[in-house]
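The values are calculated or read from the model by the stated rules, or taken from the named source; none is laboratory data. What you see is a predicted model, and the numbers here were worked out from it, not measured in a lab. So basically every Cβ, Gly included, is an ideal-geometry build from the backbone, and we count neighbours across all protein chains shown.
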Amino acid sequence: MSEAVQSEPIGKFKKRVFSGVQPSGGLTLGNYLGAIKRFVQMQNDDYETIYCVVDLHAITVWQNPKMLRQNIRELAASFIASGLDPKKSILFNQSAVPEHAQLGWVFNCVARMGWMQRMTQFKDKAGKNAQNASLGLFGYPALMAADILAYHATHVPVGDDQKQHLELTRDIAIKFNHDYEIDFFPVTEPVIGGPAARVMSLRDGTKKMSKSDPSDLSRINMTDNSDMIANKIRKAKTDQYGLPSEPKGLEGRAEAQNLVSIYAALGDQSLESVLSEIGGKQFSDFKPMLVERATAVLSPISSEMGRIMQDIPQLDKVLNDGAFKAKSLAEPILKKTFDIIGLN
């Protein structure tokens, strides 16, 4: 369990985890190690776990409708193939539970323009063309807050790129509680950590692994077979030095840091324990070890994803069942929210 997780519920609230992933297609090893693997681990901890395919967030930029449907299902299949159990966790797609959008509008009215303008992700995604970006892209942190608080989630596993948005969620909860003089929404805690919470490109260790990189050699896709995984690791960029025996020896060596971190995360090891084993080895010795571990973990997931995608009616049933469970939790929270602000 991460050090960021408290051992007791936040105040009166039950320990409940929420997290979501956009169905943007092209799932990579970074998605698996940075999010999905942690989701699976947390469903076995002392939490209620709710995981969401956040398709409403996806449409903040234009999506091909046919591909969006495919990507929603593929992401759900990757969750299940990786070990997420719909009997232990609630798994659904966001648009199937309208309470997300309804609470999102309430939070649009709670959040301040200045808060939104400080969001660095909007600036990164909109770039120099901010005036042509959708209003949804600008305001989606309020919808993210609604995703979390519609379930009174007390903990959210987040990567570095989402920490600022979770801080906004906390600000919205605090302001709502203050404005209406009621302790209704929890001030959600982040769950941060893991040996490879941020996976970098295999071709440039200073850049995040991304499906948008023009080089397919920069990433390991969740649909890659064993031969493809092995080839990409063999061609991964390294340096001319041997591997150190302690983490300090990886400072300033982005590619070495990335490959060792991936190896550690795939094996549920700390960086220190891995380096104590491989210290002194050359990359010519280490890369075959990484190939063996990566293919052992990822190939079964890829195969299972393929099997699940062959039975779309069953996959849709899982999502529909999850949406029913999610709505049963979110509906009374939204109703109480409306009561508090005078809408019911």
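The number of residues in region 301-318 being touching a helix residue (DSSP H, G or I) at 6+ places or on another chain (Cβ under 6 Å) and part of a helix (DSSP H, G or I) comes to 5.
For region 141-174, residues that are buried (at least 20 other Cβ atoms within 10 Å of the Cβ) and in a loop (DSSP other than H, G, I, E, B) total 6.
Within region 330-342, the only residue that satisfies the criterion of being within 23 Å of K87 (Cα to Cα) and surrounded by 18 or more Cβ atoms within 10 Å (Cβ to Cβ) is A330. Pairs meeting the criteria (first residue in region 112-124 and closer than 18 Å to H57 by Cα, second residue at pLDDT below 70 and assigned to a helix (DSSP H, G or I), beta carbons under 7 Å, at least 6 apart or on different chains) are Q121/D161. Could you go through region 150-158 and let me know if any residue there is among the small types (G, A, S), out of contact with any Cys (no Cβ under 7 Å at 6 or more places or on another chain) and within 21 Å of L329 (Cα to Cα). Yes: one or more hits. Against the list (1) surrounded by 13 or more Cβ atoms within 10 Å (Cβ to Cβ); (2) farther than 25 Å from Q41 by Cβ; (3) among the aromatic types (F, W, Y), the condition Y263 fails is (2). If you go through region 255-300 and pick out every residue that is assigned to a loop (DSSP other than H, G, I, E, B) and small (G, A, S), you end up with 4.
None of L290, L319 is out of contact with any Asp or Glu (no Cβ under 6 Å at 6 or more places or on another chain) and not assigned by TED's automatic domain parsing to the domain that holds A256 except L319.
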